[in-house]
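Comments concern the structure below.
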Amino acid sequence: MGLHSRFCTRSAGLRRCRRHRLGISEGLSHSLLVLFTLLSPQLGFGAAPDVRVSLQRSPGEIHWRAKSWQIKDAASFARRGDKDTKFSLRWLNSDTVLTIASPGSKFSSRVELPLEVTTDNGEAGEVGFLPPRVVIRFHEGTFQMIGLMSLNDYLLGVLTKEMSDRWPVEALKAQAVAARSYTLAQIEKRSAEDFDVEASIMDQEFAWVRDRSSESAQRWWQMIQETEGQVLKSPEGKVFKAYYHSDCGGQTTTPETVWGAADHYDAVSDSVCSERTSNSWRVTLAKGNIARLLGISLNSLKPAPPQTKLGFQFDWVRSPFDERVTLVEWRLSPEEGQLLTGQNFRQMIGFQKIKSTRFHAQDLGDRILFVGRGFGHGVGLCQWGSRDWALRGWTAEQILHHYYPQAQLIRLAVEQEPKSLACDPGDSRRPSSLPRCGKNLPTPGVPVSRVSNRIMPIRR
């Protein structure tokens, strides 16, 4: 089902509206206008935008497979099939060549990107299961696979990856609101780009949920429905970009400390995380391995005079407020040095090795010992902290206010909009390989919520 937009004018006291149907590309570029209207009572609008999820980037070529599929390029190429089929898309001599291989046949053709792909039971390498709608683009030598889906389908794929559904209900609700707010803020921020969010820790972890009848999917869908329309609002009246992380180690931090960008965040103490010992970590890394990960050749280091520090040396600039490393400086020689933010250092060495920027480092000669607390960047909602606060009786609203004290929790009023096919209701008259609908999940033709422009503050 395509997106629609409703444009309204007022004349002689009467409000007149007309409805306009948007194509796929037009509807996606329209997402920024939709986001503004979420918090603007003066503007009318239609359905909420699809979420464009960057599923995979692959240089030179990309592969996927599907059992039932349709493909259409930007020109006149169009194909469909209902057999288990393998696809490969390659960049050859300034042309894009699509190869389709199914049992007993193989076909290749030049195509014009972007490529629109509709799949049932599709899969693609590390991505895993594919959503039913995918667009493939090519930019600067790299193919990019982008999934198109409703906000709720996207949230289901995020929440099942980001937090255990076994945790207390109020923690799950707080996580659902935070993920929804972050997503809508990113849709606004990236309206001019080809995608809204990445399916990784660079934005939010995501995997398309094909088995909608699982206990985890059912529980998370219930949380999505119970928090339907709830978002955090910034002091300027926009959707608040609600960062979250695994474990703060005892105190959260602010975006300025991690990324250098100011935002409406306060660093808050978290006594429940200070009491937890499982958030402590330590790792010893060879300086040669660190140099390799930082892209440095140790063979190029100049020998230092005997009276100076020898070899590959580091200095750590620490925040006086929360003991997090904000800057990392390493010296290749007494005269030459390099500088990185603490978060960029984590990213280059590996998030699984340097688990947070709340660490101390000890130089052991040819090795460095890192001893730290917490997991993740430390900004916004602490997932393990929210779990412990929920176990102590806090509501989702109290948890959100604790971690986002400058944001306001609001509920956007909803209208009804028919939903396009997302799962198979199990009707034997229409066989389908789409994910089976669970008892609490939407089925084709059943109305689901559409955000409107009316705001109802949630009272504390």
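The values are calculated or read from the model by the stated rules, or taken from the named source; none is laboratory data. Values in this document were obtained by computation on a predicted structure and should not be read as measured data. Please note: Cβ atoms are built from the backbone with ideal geometry, for glycine as well, and neighbour counts cover all protein chains shown.
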With the condition kept exactly as written, say whether any residue in the stretch 137-149 is crowded, with 18+ Cβ neighbours inside 10 Å, modelled with pLDDT of 95 or more and of a type in the set (G, A, S).
yes
When only residues in the stretch 68-86 that are polar (S, T, N, Q) and without any contact (Cβ under 8 Å) to a residue 60 or more places away in the chain count, which is surrounded by the most Cβ atoms within 10 Å (Cβ to Cβ)?
T85
Suppose we filter L98, L113, L55, L89 for residues that are touching a residue at least 24 places away in the same chain (Cβ under 8 Å) and assigned to a loop (DSSP other than H, G, I, E, B); which single one remains?
L113
Kindly indicate which of S5, S68, S11 is at pLDDT 50 or above and either more than 22 Å from the chain's Cα centre (by Cα) or of a type in the set (D, E) (or both).
S68
In this structure, is P320 under 19 Å from P255 (Cβ atoms), modelled with pLDDT under 90, surrounded by fewer than 17 Cβ atoms within 10 Å (Cβ to Cβ) and not hydroxyl-bearing (S, T, Y)?
yes
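Taking the criterion of being in contact with a Phe, Trp or Tyr (Cβ under 9 Å, 6 or more places away or on another chain) and without any contact (Cβ under 8 Å) to a residue 40 or more places away in the chain, would at least one residue in the stretch 243-253 satisfy it?
No.
Here are A267, A291, A242, A286: which of them is within 27 Å of M348 (Cα to Cα) and at pLDDT below 90? Write out each step before concluding.
Numbers: A267 fails: at pLDDT below 90; A242 fails: at pLDDT below 90; A286 fails: at pLDDT below 90.
After ruling out the rest, the residue left standing is A291.
Determine which member of the set S200, S150 is closer than 23 Å to W64 by Cβ, free of Cβ contacts under 8 Å to residues at least 40 places away in the same chain and in contact with a strand residue (DSSP E or B) (Cβ under 9 Å, 6 or more places away or on another chain).
Numbers: S150 fails: free of Cβ contacts under 8 Å to residues at least 40 places away in the same chain.
Result of the check over S200, S150: S200.
Condition check: of a type outside the set (D, E, K, R) and not assigned by TED's automatic domain parsing to the domain that holds K72. Does I136 satisfy that?
Working: of a type outside the set (D, E, K, R): yes; not assigned by TED's automatic domain parsing to the domain that holds K72: no.
Against the criterion (of a type outside the set (D, E, K, R) and not assigned by TED's automatic domain parsing to the domain that holds K72), I136 does not qualify.
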Pick from P59, P103: which is over 29 Å from the mean Cα position of the chain (by Cα) and not assigned by TED's automatic domain parsing to the domain that holds E188?
P103
Name every residue in the stretch 70-81 that is of a type in the set (A, V, I, L, M, F, W, C) and touching a Phe, Trp or Tyr at 6+ places or on another chain (Cβ under 8 Å), in order of residue number.
I71
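When the stretch 338-374 is examined, which residues are found to be touching a Lys or Arg at 6+ places or on another chain (Cβ under 6 Å) and within 15 Å of I290 (Cα to Cα)?
Residues of the stretch 338-374 that are touching a Lys or Arg at 6+ places or on another chain (Cβ under 6 Å), as a first pass: 354, 357-358, 366, 371-374.
Residues satisfying the conditions are I354, D366.
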